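Participant: Quick one: the structure is below, questions incoming.
The values are calculated or read from the model by the stated rules, or taken from the named source; none is laboratory data. Treat the numbers as computed from the prediction; the structure is a model and nothing was measured. In this analysis, Cβ positions are derived from the backbone assuming ideal geometry, glycine residues included, and neighbour counts consider all displayed protein chains.
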């Protein structure tokens, strides 16, 4: 498993390659499915266009929650490998916010596990976003979307 | 002592990120009341004790860390 936080901009693809490489040849050969989700910062448009995000978190609790979400996901679906990495700090449009990925023998488990990682992080892990907008205003994001699970 | 921490918008509203309380408050609810001078509890306020989500009746003991924060907004769109 590759689970953790990144405090600066990072490329998602090498994480996926590293996770695949960390499996031994037999494990890799047993995987018929790898589902990966990459969430990036979206700027939107108009006067409320977001020029940067501040991603605050609760150090200690965040890492513990990410590890638990990863472990629970591994217990619930027959997956061989997973990635769960989340960005913190100052984030610019286009930068990666979250990478979640699961490897499994079959696609159903890989899709379900990957989606579970993303949705559970969104609703349980102690992250808070503050948007800084083109018009100079700033506001904490207060509404989270309902869990789609 | 009990360490109390506040995060995100709540931290800014209260104008502080941490404080220490004598360990006379025995539940999360009592810690909130002591730490905020009896401020009303914000809608949807969340709490954690020692890095685990807790409800307002969770017991609190000497040496514990109690955190209060708004609903979480991580992940992607």
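So that you can scan it fast, the table gives a plain yes or no per residue for (1) touching a strand residue (DSSP E or B) at 6+ places or on another chain (Cβ under 8 Å); (2) farther than 18 Å from residue A:4 by Cβ; (3) at pLDDT below 95:
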position: A:111; (1), (2), (3): yes, yes, no
position: A:127; (1), (2), (3): yes, no, no
position: A:134; (1), (2), (3): yes, yes, yes
position: A:146; (1), (2), (3): no, yes, yes
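Participant: Among the residues in region A:20-40, are any more than 13 Å from chain B (Cβ to nearest Cβ), more than 20 Å from residue A:82 (Cα to Cα) and touching a strand residue (DSSP E or B) at 6+ places or on another chain (Cβ under 8 Å)?
Facilitator: Checking region A:20-40: not a single residue is more than 13 Å from chain B (Cβ to nearest Cβ), more than 20 Å from residue A:82 (Cα to Cα) and touching a strand residue (DSSP E or B) at 6+ places or on another chain (Cβ under 8 Å).
Participant: What residue, among those in region A:71-97 that are in contact with a helix residue (DSSP H, G or I) (Cβ under 7 Å, 6 or more places away or on another chain) and under 12 Å from residue A:121 (Cα atoms), is surrounded by the fewest Cβ atoms within 10 Å (Cβ to Cβ)?
Facilitator: Among those that are in contact with a helix residue (DSSP H, G or I) (Cβ under 7 Å, 6 or more places away or on another chain) and under 12 Å from residue A:121 (Cα atoms), it is A:85.
Participant: Based on what the data block shows, is residue A:119 within 14 Å of chain B (Cβ to nearest Cβ), in contact (Cβ under 8 Å) with a residue 24 or more places away in the chain and either farther than 14 Å from residue B:75 by Cβ or assigned to a strand (DSSP E or B) (or both)?
Facilitator: no
Participant: Any residue in region B:43-63 that is over 13 Å from the mean Cα position of the chain (by Cα) and within 11 Å of chain A (Cβ to nearest Cβ)?
Facilitator: The answer is yes, given that some residue of region B:43-63 is over 13 Å from the mean Cα position of the chain (by Cα) and within 11 Å of chain A (Cβ to nearest Cβ).
Participant: Given the conditions (1) surrounded by 15 or more Cβ atoms within 10 Å (Cβ to Cβ); (2) part of a helix (DSSP H, G or I), which single one is not true for residue A:67?
Facilitator: (1)
Participant: Does residue B:40 meet the test of being touching a strand residue (DSSP E or B) at 6+ places or on another chain (Cβ under 9 Å) and surrounded by fewer than 16 Cβ atoms within 10 Å (Cβ to Cβ)?
Facilitator: Considered against the rule, which asks whether it is touching a strand residue (DSSP E or B) at 6+ places or on another chain (Cβ under 9 Å) and surrounded by fewer than 16 Cβ atoms within 10 Å (Cβ to Cβ), residue B:40 comes out as no.
Participant: What tally of residues in region B:18-42 results from selecting those that are within 14 Å of chain A (Cβ to nearest Cβ) and either farther than 16 Å from residue B:70 by Cα or within 10 Å of the chain's Cα centre (by Cα) (or both)?
Facilitator: The number of residues fulfilling the criteria is 1.
Participant: State yes or no: is residue B:72 within 10 Å of another protein chain (Cβ to nearest Cβ) and either touching a strand residue (DSSP E or B) at 6+ places or on another chain (Cβ under 8 Å) or outside any helix (DSSP H, G or I) (or both)?
Facilitator: Judged against the criteria, residue B:72 is a match.
Participant: What's the total number of residues in region A:13-52 that are over 16 Å from the mean Cα position of the chain (by Cα), in a strand (DSSP E or B) and surrounded by 16 or more Cβ atoms within 10 Å (Cβ to Cβ)?
Facilitator: So the count comes out to 3.
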